[in-house]
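The values are calculated or read from the model by the stated rules, or taken from the named source; none is laboratory data. In this text, all values refer to a predicted model and were calculated from it rather than measured experimentally. Here the Cβ positions follow ideal geometry from the backbone for every residue, glycine too, while neighbour counts run over all protein chains shown. Accessible surface areas use protein heavy atoms only, side chains included; no ligands, DNA or RNA. Shrake-Rupley method; radii C 1.70, N 1.55, O 1.52, S 1.80 Å.
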Amino acid sequence: LAKTTQPISMDSYEGQEVNITCSHNNIATNDYITWYQQFPSQGPRFIIQGYKTKVTNEVASLFIPADRKSSTLSLPRVSLSDTAVYYCLVGDNPVNGGSQGNLIFGKGTKLSVKP
Amino acid sequence: DTAVSQTPKYLVTQMGNDKSIKCEQNLGHDTMYWYKQDSKKFLKIMFSYNNKELIINETVPNRFSPKSPDKAHLNLHINSLELGDSAVYFCASSQIGGRNTIYFGEGSWLTVV
């Protein structure tokens with residue numbers, strides 16, 4: 001099971017770019033990286049997922065170096081509404097013989113965006 | 001349309017009571033889950049069902065009993081409620097044949113007094 005480590009909290013101001021890094025030193029060959037966002041009083045919501053290099057969608061970008069031992073979630077020009085907890089999960093689909101790492105949520109990173 | 005819906009959203013009950021939380025997903029997913037998020041905000045998986053079959057059963061007291069009448073429903077029944085059961089319970093689902101992206105419900109806030 002690939003263990004993930006991310007900062008407990010981060011502060012930012014509106015309009016800034018925020019980068020949250022997740023360490024996963026023992027990531028397996030078939031593991032992929034998934035990030036979720038959780039607002040207060042809501043369930044987590046999928047943000048982005050990737051295997052290597054860079055993935056971008058309308059919400060965020062995910063940067064994964066060649067060794068895949070870490071990944072960085074990048075949120076461009078954050079607003080107050082981006083204040084949330086962000087979780088990094090690493091694993092493969094159990095049906096593919098993978099671990100359950102992509103079901104295990106760590107403590108996440110609490111991002112606070114200030115005006 | 002709510003993809004994963006759970007009821008009730010709020011539940012206050014006394015110790016020793018038995019209660020159920022219902023969950024339904026309209027995403028056509030094969031797999032459903034129950035997660036518990038405690039006061040410290042740790043989100044822990046409790047159970048997972050794939051096509052009505054239990055595939056994950058973490059260390060959860062046997063007072064908790066999931067029931068899946070069909071693959072679109074996964075209900076959670078809790079017997080003899082204790083103070084420590086107070087938490088937010090999230091139902092979720094995913095398509096296990098794919099990348100297993102998990103879709104969560106809005107949560108059920110359980111308070112045991």
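Brief remarks on what is shown
- Pairing chains B and A buries close to 1700 square angstrom of accessible surface in total, based on protein heavy atoms and a 1.4 angstrom probe.
- Cross-link table A:LYS52/A:LYS107; A:LYS107/B:LYS40; A:LYS110/B:LYS44; A:LYS110/B:LYS40, entries beyond 19 Å C-alpha to C-alpha: A:LYS52/A:LYS107
- Apportionment of accessible area to carbon and sulfur, chain A, percent (1.4 Å): 51
- Rolling a 1.4 Å probe over the heavy atoms of the protein chains gives the protein assembly as shown an accessible area of 49 Å² per residue.
- Electrostatic dipole magnitude of the protein assembly as shown [Cβ: Lys, Arg +1; Asp, Glu -1; Cα centre; debye, to 20]: 280
- Sorted largest first, the spans of the alpha carbon positions of the protein assembly as shown along the three principal axes are 50, 43, 33 Å.
- For the stretch A:9-114, the orientation-averaged shadow of the C-alpha convex hull comes to 6.6 nm² (one quarter of the hull surface).
- Percentage relative contact order, chain A, counting C-alpha pairs under 8 Å, at least six apart: 35
- Equivalent ellipsoid semi-axes - Cα gyration tensor, chain B, angstrom: 23, 14, 13
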